[in-house]
2 protein chains.
Amino acid sequence: MHKKPLLVLLLLLLSLTTHQQVCAEDGYRLWQRYDLVQDAAKLSAYRQAIGELVVTGDSPTIAAVRKELQSGLNGLLGQAVKVSQAPGQSPALVAGTPASSAFIKNTGITDRLKPLGDEGYLLLSTQQNGRSYTLIAANSDIGVLYGSFHFLRLLQTNQDISKLSLSSKPKIRHRVLNHWDNLDRTVERGYSGFSLWDWHRLPDYIDQRYIDYARANASIGINGTVLTNVNANALVLTADYIAKVAALADAFRPYGLKVYLTARFSAPIEIGGLKTADPQEPQVQAWWKEKSDEIYKAIPDFGGFLVKANSEGQPGPQNYGRNHAEGANMLADAVAPYGGIVMWRAFVYDDKEPDDRAKQAYNEFKPLDGTFRDNVLVQVKNGAIDFQPREPFHPLFGAMPKTPLMMEFQITQEYLGQGTSLAYLSPMYKETLDADTHAKGKGSTVAKDIDGTLHKHSLTGIAGVANIGTDRNWTGHHFGQANWYSFGRLAWDHSLSSEEIADEWVRMTFTNTLAFVKPVKEIMLGSHETVVNYMTPLGLHHIMAWDHHYGPGPWIKDKHRADWTSVYYHKADENGIGFDRTKTGSNAVAQYFPPVAKQFGNLKQVPEKYLLWFHHVGWDYKVKSGRTLWDELCYRYSDGVKGVQQMQQIWDSMQEQVDEERFQHVKTFLNMQEKEAKWWRDACLLYFQTFSKRPIPQDLEKPAYTLEHYMRLDPKFVPGI
Amino acid sequence: MHKKPLLVLLLLLLSLTTHQQVCAEDGYRLWQRYDLVQDAAKLSAYRQAIGELVVTGDSPTIAAVRKELQSGLNGLLGQAVKVSQAPGQSPALVAGTPASSAFIKNTGITDRLKPLGDEGYLLLSTQQNGRSYTLIAANSDIGVLYGSFHFLRLLQTNQDISKLSLSSKPKIRHRVLNHWDNLDRTVERGYSGFSLWDWHRLPDYIDQRYIDYARANASIGINGTVLTNVNANALVLTADYIAKVAALADAFRPYGLKVYLTARFSAPIEIGGLKTADPQEPQVQAWWKEKSDEIYKAIPDFGGFLVKANSEGQPGPQNYGRNHAEGANMLADAVAPYGGIVMWRAFVYDDKEPDDRAKQAYNEFKPLDGTFRDNVLVQVKNGAIDFQPREPFHPLFGAMPKTPLMMEFQITQEYLGQGTSLAYLSPMYKETLDADTHAKGKGSTVAKDIDGTLHKHSLTGIAGVANIGTDRNWTGHHFGQANWYSFGRLAWDHSLSSEEIADEWVRMTFTNTLAFVKPVKEIMLGSHETVVNYMTPLGLHHIMAWDHHYGPGPWIKDKHRADWTSVYYHKADENGIGFDRTKTGSNAVAQYFPPVAKQFGNLKQVPEKYLLWFHHVGWDYKVKSGRTLWDELCYRYSDGVKGVQQMQQIWDSMQEQVDEERFQHVKTFLNMQEKEAKWWRDACLLYFQTFSKRPIPQDLEKPAYTLEHYMRLDPKFVPGI
């Protein structure tokens, strides 16, 4: 009697399961997969702990919380979670603020919430009248959303949720992506297709990707996005485009993601019809005020402006004999009434060639300390040159106590193999964040300058140049997703380790199976060093190909600016190689605080990874391994290639642990990377050998072609420019 | 005893179904959805008829057949179809050729197969030893694949498959897409994202989209694709790119899709280092021969070249005082040894302004009839100007009896609302194909010239300029898919009606529910006329905005070429409007065969849809409706807007019949189209009113803004250039 209906149901389900298209494993879902928990014990515990879901309130953000928890739990628990208006008989997951939820208000946790500010949250297992509850509580709706993503992450990574008592709040206030996206949808230094922003169909058409983009950012705590390239086009500030930007802002708002724009300094001339953009001209100041009024009318929570001025051809205040602070302050005054901020980039260099480009930002900005408005952040790249595979930290960190400095990391892999290389960048970010500036004695890390604790700033910020495009998997390389992820996680909490972040990401993106998690983390954690080895070991830098930066070009010289050539940076000659930035050279080391300057300036003390950054070193100089510099260089380049081959071996052994689609994708990309690694190794060693005149050690693989062959290679239409 | 395991299985299935991500209804699957058949009776009949699947053979194409039938049937029947090596006890679906399948060979259908050539197929219900079989049989593997797609279509559209006895073969041999894709991945006149071809990652990385692109083309019988823009870049003929093209060819080959390239006529200079590209120079001829050898070595089934020469700035034989035939023949000789063809475009115009651009192709090519090599097709656009919303058929059709003419249609909507307008183009294609040239008396349709029956050519071809890009749904607008689909279907069989094709497409792409199929077909079948009405009614043409062709620009004048302006074409003045192409004017009508020339040249006989194409007509001339020309113009523009609003109303009423995602997408696009329709109507009427000096009829909606407002509109970064 009972069997029949069951059978019918079974058949129905069978047809459901077999006819349903299996979604492609194309990476679109990022780390937000919400697939069924595979660990049976954990699954059972989770199902028991979450008998129903209670999310009260009706703001768009609370609606997003409800939707995310519901779809997340349905997927992870493999059953439709019951959604209730108020906790009933079953153990409930309750999410809300004291304002939106009477239940949360009555739990008496308001005191615990107070220190969490307007973005923090509390995850708490609690008992009430003998029943168990799990709370996701915060002072604000967005805090609840951040807490919900944290909670889902606990399930995705198979953590125990039975005795939760954890709170979290961001260490940095403005956690922002910078999109170098042009209005024609090309992306400067973008290697994953084209710009997500479909300007032509905006403001009418809201692509589902915009929502999923905002969701992904919110899940890692990113709360701002600069939509446009720092090499800016003033048109984005015209009425037509402001309406389009407003439509994006509307789509992002429930997820706590504010929009910012790049402000082209000459916009008052180009679209305003003025004859000048001089920041001291009242009409120019008035134009920016009116423009800000217009923007804020359309986008009340507009974040503010990011500006690249007087750098690489961009106009700026110096065109009118004004300094960077005068330029920044004019814009800051325009957005101040609305709570907007200005992020003013320190990445500048003169029209005239400096003796050492590494020194310029410090020389220009340090004297301006204390002259910026309260709502200005100076945005400083992690190093003093330009997002090289490895750079020592920028000497400005710690050096402008009266000015909040904002970190600018590059997530997109401009100099790191572009779209085809696996390079997990968290270790690179951490290397800078953990560096000690000694600004206020030992322990004055860069992170402390950025998070405001070093110089007591409440306005703090961190930016990452996005690696996101229209490629189905967002980042071109599946492992590029890990860099977006790790940037967000570190922006929220820079004390996390690269290993912890990789662990989370691998589990959420692929599987919790240790046989996969462990080896793949090993791949990730060594990958940045591997790329540095085959590109720019021992502190070499800026020796890439002309213009597109894809592939090696140590021979680049005789361009219209010496500091855009490779020979300017490696200074290889018969005697040796490296840029002398000590007292006998450009003395850039003097820009660091004395303990650092002393270490970097001393050939014996400088960390070997920065050796040729700071010193011109003889070919036969004995490095720590006991080898000569030349031999060491050869071994390092060779190690880089071997590192890629090791990644290939490990990945190949993962075939059983991962879906075929992503397995093949990553395998293909690793094959490309191996070719590129050999290209770098052979081209660089053959070129440097023309100076060293020493043989490549016998036990290393010989270059496959002549130097001339490599110098002739000229890939066309390299993406990203 | 039996209940327990069933229950466990049930629970397992439950968790499978509920946890499985439902795939987004983002249109990626095109018309190849293979979702469960909803009609219970049909489903049951299909399941009964297809007890097992037998596909023998091991060629890549047969493997594709097996994979497609298996996944298609699994989806459509909602159960895993049994795959066997040979027919067994159950009624079997057997697919193969007499060569690959002994079973098929033994059915004795070889005689029925013979006339089907190397692409045709037979679908046959048959009995053998008292058992039922359904055969998909052909002379070649690719015929089996085409037949398999036809068979799947029968199921997708809920047709009876119990008494099949149908055969089909293509009427035209080369059915080719033309991609106007540039090597930097921009697409000229492309409105659905960027080029599919990820040149940078080729040849290593084979995107799944390449396979799905080939599958979709094969499903509608398209057997060739020109990968690159007719405004060509010679670099695609260099070794690096040939390797990339070969990788694409490898990916497409199982699906019968040949690759072609555009040949830049000056390539011997640009990449060959020669001083000339003169087709009479032996060294130039030798260069092309060697280049062809090189290409065919990498791609043994390379299709050949498409050439745009001496047109809009492209180099060509005329640069050296040679004619088009001399240019085409040189390339034809180079690819002839390999069976390659040359498609030489007739879309040319002089550097100097002609009295009527419509006459030029005829004047240049007609005298060359009989001078082209056997493996040259002259590719002629459907009309004599340039893919206007509506054009009378090109006078070259029928007029070159000794030369196979290839049709060039535009699928991408350059002049038809670009990416945002719903315009089903099959009626437009049919209007040209069904037009009677009278070349050999009544019934000498354009279609008969194209399919070779009119002038007895065995080399035949048809090209469609693709509307495909990286947008997730391939074509930007969901209904753009219908144009790709209908081009392919008509290329295979131009006798199909627009209604039949729409019926198939709607059923496969959305649902078989009549409550949806009927109204949506109504939308589709009227949509092209609607767009013509609000853009260029009554034979108006070429009055769009400068450069990007997005939006109206009847006021465009004073450019460096008169025939690139709007006033050249509409010739509006105080007296009237229209281009006099009769004896009193440019006499372009004389290029048609006498019966046509007489009809088009006579103001009373010319079809009203071509009125202003051929005649300059007074504002007060009484048209067939009894209205004055001016009033009629006003009503037609107004009808265009109303037509869009009608589409909106119908679509809005479809919400229950379609998934929310595609419903909203199309709704948004229809909203954009309504705005654009009003923009066209108001801008054109206000502008033409400055000549007619007559009022817009009282009962029509008044323009929302002034003419000056519309003339000032200047959308930036319009895609597709």
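Read-outs throughout are calculated quantities, based only on the coordinates presented, and are distinct from any laboratory measurement. Here the structure is a predicted model, which is why all the values come from computation and not from measurement. Heads up, the Cβs are rebuilt from the backbone with ideal geometry, glycines too, and the neighbour counts pull from every protein chain shown.
Between the helical axis of B:324-335 and the dominant principal axis of chain B, each derived from Cα atoms, what acute angle in degrees is found, rounded to the nearest 10? Value to nearest ten degrees: 20. Distance from the alpha carbon centroid of the stretch A:579-658 to that of the stretch A:666-721 works out to 19 angstrom.
Work out how much length B:Asn319 to B:Trp546 would gain on full extension: take 0.36 nm times their residue separation and subtract the Cα-Cα distance, in nm to one decimal. Each step should come with its number before you reach the end.
Details: separation 227, 0.36 × 227 = 81.72 nm, distance 2.80 nm.
Residue separation times 0.36 nm, minus the Cα-Cα distance, leaves 78.9 nm.
Within a straight-line Cα-Cα reach of under 20 Å, A:Lys702 can be paired with the following aspartates and glutamates, leaving aside sequence neighbours fewer than 8 residues apart in one chain: A:Asp631, A:Glu632, A:Asp639, A:Glu674, A:Glu676, A:Asp682.
Which of rounded, prolate or oblate describes the stretch A:504-653 when judged by the alpha-carbon gyration tensor and an a/c cut-off of 1.5? Because a/c hits 1.5 or more and a/b exceeds b/c, the stretch A:504-653 counts as prolate. What the Cα convex hull of the stretch B:26-168 gives, in volume per residue, is 105 Å³.
Pull out the extension gain between A:Leu713 and A:Asp301, defined as 0.36 nm times the separation in residues minus the alpha carbon to alpha carbon distance; nm, one decimal. Before the final figure, lay out the partial values.
Numbers: separation 412, 0.36 × 412 = 148.32 nm, distance 4.90 nm.
Contour length minus Cα-Cα distance gives 143.4 nm.
Model label points for A:Ala63 and B:Asp184, set 7 angstrom from Cα along the Cα-to-Cβ axis, are 4.1 nm apart. Annotation for A:Thr706, label-to-label distances across the other copies: 7.2 nm (shortest first, one decimal, point 7 Å from Cα along Cα→Cβ). Listed from fewest to most Cβ neighbours within 10 Å, the set A:Met343, B:Met544 follows the order B:Met544, A:Met343.
Label sites at B:Leu496 and A:Asp355, each approximated as a point 7 angstrom past Cα along Cα to Cβ, lie 7.6 nm apart. Could you tell me whether chain B comes out rounded, prolate or oblate from its Cα gyration tensor? Rule is a ≥ b ≥ c as square roots of the eigenvalues, rounded for a/c under 1.5, then prolate if a/b exceeds b/c, otherwise oblate. Taking the square roots of the gyration eigenvalues as a ≥ b ≥ c, chain B is oblate. Extents of the protein assembly as shown, largest first, come to 99, 87, 78 Å (Cα atoms, principal axes, whole angstrom).
Considering only Cα atoms, the convex hull volume of the stretch B:391-478 works out to 98 Å³ per residue. The stretch between B:Ala590 and B:Asn363, if pulled fully straight at 0.36 nm per residue, gains 80.6 nm over its current Cα-Cα span. Bridgeable lysines around A:Lys105 (alpha carbons under 28 Å apart, same-chain partners fewer than 8 residues away excluded): A:Lys67, A:Lys82, A:Lys114, A:Lys163, A:Lys169, A:Lys171.
The long axis of helix B:141-156 is offset from the longest Cα principal axis of chain B by roughly 90 degrees.
Axis of helix B:60-77 versus longest Cα principal axis of chain B: the two differ by about 80°, to the nearest ten degrees. Once you have a ≥ b ≥ c as the square roots of the Cα gyration tensor eigenvalues for the stretch B:372-418, tell me rounded if a/c is under 1.5, and otherwise prolate or oblate according to whether a/b is larger than b/c. Since a/c reaches 1.5 but b/c is at least a/b, the shape of the stretch B:372-418 is classed as oblate. Sparsely packed loop sites in the stretch A:100-200 (the trypsin sites (Lys or Arg not before Pro) outside DSSP H, G, I, E and B with at most 13 other Cβ atoms within 10 Å) comprise A:Lys163.
Sort A:Glu290, A:Glu188 so the one with the fewest other Cβ atoms within 10 Å of its own Cβ comes first. Let's see the in-between values first.
Numbers: A:Glu290 12, A:Glu188 17.
So the ranking, lowest neighbour count to highest, is A:Glu290, A:Glu188.
Placing one equal scatterer on every Cα of the stretch A:174-503 and applying the Debye formula, the log10 ratio I(q)/I(0) at q = 0.14 Å⁻¹ is -1.11.
What list do you get for A:Glu294, B:Glu270 if you sort them by fewest beta carbons within 10 Å?
Working: A:Glu294 14, B:Glu270 17.
Arranged by neighbour count, lowest to highest, A:Glu294, B:Glu270 become A:Glu294, B:Glu270.
Inside 10 Å of the C-beta atoms of B:35-43, what's the mean count of C-beta atoms belonging to other chains?
Values: counts 3, 5, 1, 0, 0, 0, 0, 0, 1.
Partner-chain Cβ atoms within 10 Å, mean over residues of B:35-43: 1.
Go ahead and run the numbers for FRET between A:Gln128 and A:Ser44, Cβ-Cβ distance against an R0 of 35 Å, rounding to 0.05. Display every interim value, and only then the final one.
Numbers: r = 23 Å, r/R0 = 0.67.
The computed FRET efficiency comes out at 0.90.
Placing a label point 7 Å from Cα toward Cβ, how far apart in nm is B:Thr453 from its equivalents in the other copies, listed shortest first to one decimal? From this label point to the equivalent ones elsewhere in the assembly: 8.4 nm.
Ignoring lysines fewer than eight residues from B:Lys598 along the same chain, the ones with Cα atoms less than 22 angstrom from its Cα are B:Lys359, B:Lys366, B:Lys440, B:Lys442, B:Lys448, B:Lys583, B:Lys609, B:Lys622, B:Lys624.
With R₀ fixed at 35 Å, the C-beta to C-beta distance from B:Gln664 to B:Lys702 puts the FRET efficiency at about 0.65. Spatial offset of the stretch B:118-185 relative to the stretch B:48-96 amounts to 14 Å, using the alpha carbon center of each. Across peptide A:200-213, the mean count of Cβ atoms from other chains lying within 10 Å of each residue's own Cβ comes to 4. Each copy carries a label point for A:Glu660 at 7 Å from Cα toward Cβ; from one copy, the others' points are 3.4 nm away, ordered from shortest. The trypsin sites (Lys or Arg not before Pro) found in the stretch B:372-446 that occupy coil by DSSP, while having at most 14 further C-beta atoms within 10 Å, are B:Lys402, B:Lys440, B:Lys442.
At a Förster radius of 22 Å, what calculated FRET efficiency corresponds to the Cβ-Cβ distance of B:Asn602 and B:Arg694, to the nearest 0.05?
Numbers: r = 26 Å, r/R0 = 1.17.
The pair B:Asn602/B:Arg694 has a calculated efficiency of 0.30.
Taking chymotrypsin sites (Phe, Trp or Tyr not before Pro) as exposed when DSSP calls them loop and at most 16 other C-beta atoms lie within 10 angstrom, chain A has its longest site-free stretch at A:1-545. Spin-label model, B:Gln657/B:Thr157: points 7 Å from Cα along the beta carbon direction are separated by 1.7 nm. Restricting the stretch B:268-303 to trypsin sites (Lys or Arg not before Pro) that sit in a DSSP loop and have at most 16 other Cβ atoms within 10 Å of their own Cβ leaves B:Lys275.
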